[in-house]
1. Among the listed residues A187, A158, identify the single one that is out of contact with any strand residue (DSSP E or B) (no Cβ under 6 Å at 6 or more places or on another chain), among the aliphatic types (A, V, I, L, M) and closer than 14 Å to L140 by Cβ.
2. From the residues in the range 125-148 that are assigned to a helix (DSSP H, G or I) and touching a Lys or Arg at 6+ places or on another chain (Cβ under 8 Å), which one is farthest from I109 (Cα to Cα)?
3. Kindly indicate which of I63, I77 is touching a helix residue (DSSP H, G or I) at 6+ places or on another chain (Cβ under 7 Å), more than 17 Å from C105 (Cα to Cα) and in contact (Cβ under 8 Å) with a residue 12 or more places away in the chain.
4. Determine whether A67 is of a type in the set (G, A, S), within 16 Å of R127 (Cβ to Cβ) and part of a helix (DSSP H, G or I).
5. Identify all residues within the range 42-92 that are closer than 23 Å to I32 by Cα and of a type in the set (K, R); write none if there are none.
6. Could you pull out the residue among L99, L58, L94 that is free of Cβ contacts under 8 Å to residues at least 40 places away in the same chain, in a helix (DSSP H, G or I) and either buried (at least 21 other Cβ atoms within 10 Å of the Cβ) or within 16 Å of the chain's Cα centre (by Cα) (or both)?
7. So which residues in the range 9-33 are of a type in the set (G, A, S) and assigned to a helix (DSSP H, G or I), if there are any at all?
Amino acid sequence: MAATRLRKQTDTAQRILDVSERLVQRRGFNGISYANVAAELSMTKASLHYHFPGKAELGEALIVRYAARFADALQEIDRRVADARGKLNAYAGLYADVLRGKRMCLCGILAAEYETLPTPMRKATIRFFDDNVTWLTRVLARGHSDKTLTFDGSPSDAAQAILSGLEGAMLVSRPYGDLERFQSAAARLLASLTS
């Protein structure tokens, strides 16, 4: 009985996170409320507060879950793609997939609202970007070492440029509703690293 109740609570929390993530990726964190989420799930705001006492806790849980899924996707890229160029293309593909779903990168949209976010959400957003730069830096260093990639400056500088370029390309492509605009920008960015 207790296991069933715990599973139901966990399932409800996941449903809350699923709906909240979709809404934030489309409207921004400041553009949603517990009332919006509750209405989508046909539940009371009190039920939401049971699982996430406040909007800040909900927001932090969203980032932690999103970052974990993104980290899993990076591990999958490492597992199935051998070369640095292929890894970078697969990385850009993660962003394209999000945009294809008419959404923005969760942390990208939160970065636009950074000044208005609670401190734990700010820290979690920065951690997401730092983790991405760390992964990209490793990929770029390997590509530079085996001479399949070329760039000026350090691998870390190039990693920051890639992350910023892809996040920016998503942002600019969004109002046009044009995935090809993003893909073209991403392809040009990555092509600039090919020796």
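The values are calculated or read from the model by the stated rules, or taken from the named source; none is laboratory data. Note that the coordinates shown come from a computational prediction; the quantities given were computed from them, not determined experimentally. Counting neighbours? That spans all protein chains shown, and the Cβs are built from the backbone with ideal geometry, glycine included.
1. Working: A187 fails: closer than 14 Å to L140 by Cβ.
Exactly one of A187, A158 is out of contact with any strand residue (DSSP E or B) (no Cβ under 6 Å at 6 or more places or on another chain), among the aliphatic types (A, V, I, L, M) and closer than 14 Å to L140 by Cβ, namely A158.
2. Taking the range 125-148 and keeping what is assigned to a helix (DSSP H, G or I), we get 125-145.
Checking the rest, the ones that are also touching a Lys or Arg at 6+ places or on another chain (Cβ under 8 Å) come to 139, 143.
Numbers: V139: 25, G143: 30 Å.
Within the range 125-148, the match that is farthest from I109 (Cα to Cα) is G143.
3. Numbers: I63 fails: more than 17 Å from C105 (Cα to Cα).
Within the list I63, I77, the selection yields I77.
4. Values: of a type in the set (G, A, S): yes; within 16 Å of R127 (Cβ to Cβ): yes; part of a helix (DSSP H, G or I): yes.
Criteria met by A67.
5. K45, K55, R65, R69
6. Numbers: L99 fails: free of Cβ contacts under 8 Å to residues at least 40 places away in the same chain; L58 fails: free of Cβ contacts under 8 Å to residues at least 40 places away in the same chain.
When all the criteria are applied, what remains is L94.
7. We begin by selecting, within the range 9-33, every residue of a type in the set (G, A, S); these are 13, 20, 28, 31, 33.
Across the range 9-33, the qualifying residues are A13, S20, G31.
Listed here are the residues, each with its yes/no results for (1) modelled with pLDDT of 95 or more; (2) not aromatic (F, W, Y).
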{"residue": "A3", "(1), (2)": "no, yes"}
{"residue": "T12", "(1), (2)": "no, yes"}
{"residue": "V19", "(1), (2)": "yes, yes"}
{"residue": "Q25", "(1), (2)": "yes, yes"}
{"residue": "T44", "(1), (2)": "no, yes"}
{"residue": "S47", "(1), (2)": "no, yes"}
{"residue": "G59", "(1), (2)": "yes, yes"}
{"residue": "Y66", "(1), (2)": "yes, no"}
{"residue": "Q75", "(1), (2)": "yes, yes"}
